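Read through the structure below, which is laid out as structure tokens, and then see the notes.
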Amino acid sequence: MLSVFSGLGLGLSLIVAIGAQNVFVLRQGIRREHVLPVVVICALSDALLIAAGVAGLGFVISAAPWLVVVARWAGALFLLAYGILAARRAWLGGEELRVDSADADATASAPAVPGVATATRPRTATRTALGPVIATVLALTWLNPHVYLDTVLMLGSIAATHGDERWLFAAGAIAASILWFTALGFGARYLGRWLRTERSWRILDALIAVVMITLAVSLVLPVIGG
């Protein structure tokens, strides 16, 4: 069990850091838009990468460091494009939360419970199709070189120190990923009350743009400076 908790703790310490993937999951959670597919893809991708690291893929990446360089440039270009789109949304505005009529009717018809506030279910007025959302979360996950450095190399290397219990360590790390993305995606809906106005969404998209563009620059700085 010690190996499981070690993997859980290290997995959480690596995944909780602010990154492009977490920002996207948070945004989808606030929008209440395709949250389950996004959470499943993120958790499953981490599980595959962690398993690959424990199985020894880290040695391949160590032997071919140019793969990480390629991933850095590809990820930086994608993050830059995503950041520019977020900045465009922040500049133009036009997005806000609304309450679905079905939810409003259900709330109105439901009996009032003393001492318990009734809540409606806010959603964004414009919804994105599932296909582009899946493509975006896949790109943010698999084009991020930090994912390979953290899950494949670091977790894989540390798991090897646990000997025969390395897969228990991996199970703990995978559980950390599942717990985090589930909490982030489905817990973000409670922020909806502060994001009912267009101005709030413009501020959120502006922050997302800053994070994405900053991450894009940080990915290529080691390559340019090195």
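Observations, loosely collected:
- Residues being open to solvent by less than 30 Å² (accessible area, probe 1.4 Å) and more than 15 Å from Asp150 (Cβ to Cβ) - total across the stretch 173-186: 2
- Selection within the stretch 125-137 - part of a helix (DSSP H, G or I), in contact (Cβ under 8 Å) with a residue 24 or more places away in the chain and exposed (fewer than 14 other Cβ atoms within 10 Å of the Cβ): Leu130
- Tabulated pairs, the stretch 148-172, first in contact (Cβ under 8 Å) with a residue 40 or more places away in the chain, second basic (Lys, Arg) and open to solvent by less than 50 Å² (accessible area, probe 1.4 Å), C-beta under 7 angstrom, 6+ apart or interchain: none
- Meets criteria (open to solvent by 40 Å² or more (accessible area, probe 1.4 Å), farther than 14 Å from Trp180 by Cβ and at pLDDT 80 or above) for Leu57: no
- Test: residue in the stretch 146-165 that is closer than 22 Å to Gly11 by Cβ, open to solvent by less than 80 Å² (accessible area, probe 1.4 Å) and acidic (Asp, Glu): yes
- Options Arg88, Arg98, Arg27, Arg72; residue that is under 14 Å from the mean Cα position of the chain (by Cα) and either farther than 27 Å from Trp180 by Cα or modelled with pLDDT under 90 (or both): Arg27
- Verdict on Asp205 being of a type in the set (Asp, Glu) and in contact (Cβ under 8 Å) with a residue 24 or more places away in the chain: yes
- Pairs meeting the criteria (first residue in the stretch 176-197 and at pLDDT 90 or above, second residue β-branched (Val, Ile, Thr) and open to solvent by 30 Å² or more (accessible area, probe 1.4 Å), beta carbons under 8 Å, at least 6 apart or on different chains) are Trp180/Val16.
- Number of positions in the stretch 30-52 that are polar (S, T, N, Q) and without any contact (Cβ under 8 Å) to a residue 60 or more places away in the chain: 0
- Residues satisfying the stated conditions in the stretch 188-218, i.e. touching a Pro at 6+ places or on another chain (Cβ under 7 Å) and in a loop (DSSP other than H, G, I, E, B): Arg196
- Members of the stretch 201-212 that are over 14 Å from Phe24 (Cβ atoms) and open to solvent by 30 Å² or more (accessible area, probe 1.4 Å): Arg202, Ile203, Ala206, Val210
- Listed by first and then second residue, the pairs linking a residue in the stretch 5-29 that is closer than 24 Å to Phe169 by Cα to a residue that is open to solvent by 20 Å² or more (accessible area, probe 1.4 Å) and of a type in the set (D, E, K, R), with Cβ atoms under 7 Å apart and 6 or more places separating them unless they lie on different chains, are Leu14/Asp150.
- Qualifying residues in the stretch 187-200 (those that are of a type in the set (Gly, Ala, Ser) and farther than 25 Å from Ser45 by Cβ) - the one least open to solvent (accessible area, probe 1.4 Å): Gly192
The values are calculated or read from the model by the stated rules, or taken from the named source; none is laboratory data. Just so you know, these numbers come straight off a predicted model, no measurement behind them. Using ideal geometry, Cβ is built from the backbone for each residue, glycine included, and neighbour counts are taken over all protein chains shown. The area values use the complete protein model at the heavy-atom level, side chains included, leaving out ligands, DNA and RNA. Shrake-Rupley method; radii C 1.70, N 1.55, O 1.52, S 1.80 Å.
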